[in-house]
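Novice: First the structure, which I've put down as structure tokens, then a few questions once you've had a look.
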Amino acid sequence: ALPPGMAVVPFYDRSHLVDRAVSTVGKALTEAVVLVLVLLLAFLGNLRAALVVAVMLPLSALGTFALMKLTGLSANLMSLGGLAIAIGMLVDGAVVVVENVETALTGPQARHHSVLHLVYRAAREVIVPVASGIAIIVIVFLPLLTLEGLEGKLFAPVALTIVYALVVSLLLSVTVVPVLASWLLHKGEAHEPWLVRHAQRGYDRALAWSLGHPRAMGGIAAAALVLAAGVFTQVGKTFMPV
């Protein structure tokens with residue numbers, strides 16, 4: 001007999017829930033990697049260049065896991081979710097470096113210098129903007145580390161994983177990527193992928209119209225800001241989803 005006010009609560013094995021959560025994150029990571037590879041090939045138009053950038057994904061993940069191990073951060077649903085969020089950002093610096101290397105290898109000065117010298121100069125030219133861009137993203141996530149209580153337990157692992165992944169990707173972008181580029185990329189004629197070429201045409205027209213109508217663009221930007229602020233007030237807000 002149970003004391004008054006107490007009831008029998010059945011025990012459920014939660015291991016299948018954990019397995020399902022881990023498999024869901026793993027599936028999301030796999031899909032993200034595949035999408036990144038497809039987009040790299042479409043926008044870079046060079047299989048070798050796409051492979052150089054794609055190497056960043058597993059290496060950045062390994063470096064992130066190493067930092068997680070050193071700092072005692074476990075591979076849980078939130079930390080792996082942070083890695084899934086960061087997948088698309090991990091290749092940003094590498095794309096900039098590889099694009100500049102390709103430009104140097106197809107430029108007019110390519111015939112007068114070795115591939116190694118061209119790669120070194122191209123990587124050195126973009127190290128400051130690449131580091132600045134990644135540092136800005138890292139700084140954006142740092143305030144999440146100040147959260148306390150349940151909020152800190154939920155979001156601190158996400159922020160830490162993203163910061164670790166971005167720092168590792170920055171180091172790889174300015175060290176490993178130039179080395180791989182010097183091995184896999186060669187001098188040649190300049191070319192633009194089909195997708196980039198057609199997208200550039202539309203952008204050129206839009207840019208020309210924008211520069212020719214600065215007041216209209218300012219009005220459109222202000223109207224978009226007001227509209228976004230109005231819509232934000234109508235969006236439901238809650239700490240945890242129902």
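The values are calculated or read from the model by the stated rules, or taken from the named source; none is laboratory data. Computed from a predicted model, the values in this text were never measured in an experiment. Quick reminder, even Gly has a Cβ in these numbers, built from the backbone with ideal geometry, and neighbours come from all protein chains shown. We work out accessible area using only protein heavy atoms, side chains counted, and drop any ligands, DNA or RNA first. Shrake-Rupley method; radii C 1.70, N 1.55, O 1.52, S 1.80 Å.
Novice: Taking Leu147 as the residue in question, decide whether it is in contact with a Phe, Trp or Tyr (Cβ under 6 Å, 6 or more places away or on another chain) and closer than 25 Å to Met68 by Cβ.
Specialist: For Leu147, the condition - in contact with a Phe, Trp or Tyr (Cβ under 6 Å, 6 or more places away or on another chain) and closer than 25 Å to Met68 by Cβ - is met.
Novice: When only residues in the range 193-239 that are surrounded by 10 or more Cβ atoms within 10 Å (Cβ to Cβ) and not in a helix (DSSP H, G or I) count, which is modelled with the highest pLDDT?
Specialist: Within the range 193-239, the match that is modelled with the highest pLDDT is His213.
Novice: Could you check how many residues of the range 15-65 are out of contact with any Ser or Thr (no Cβ under 9 Å at 6 or more places or on another chain), β-branched (Val, Ile, Thr) and at pLDDT 85 or above?
Specialist: Total meeting the criteria: 3.
Novice: I've got another one for you. With the requirement that a residue be hydrophobic (A, V, I, L, M, F, W, C), under 26 Å from the mean Cα position of the chain (by Cα) and either over 26 Å from Leu59 (Cα atoms) or not in a loop (DSSP other than H, G, I, E, B) (or both), what does the range 176-192 give you?
Specialist: Val176, Val177, Val179, Leu180, Ala181, Trp183, Leu184
Novice: So, Val38, is that one on the phi < 0 side of the Ramachandran plot, open to solvent by less than 70 Å² (accessible area, probe 1.4 Å) and of a type in the set (Val, Ile, Thr) or not?
Specialist: no
Novice: On to the next question. For residues in the range 140-171 being of a type in the set (Val, Ile, Thr) and touching a Ser or Thr at 6+ places or on another chain (Cβ under 8 Å), which is nearest to Leu73 (Cα to Cα)?
Specialist: Thr161
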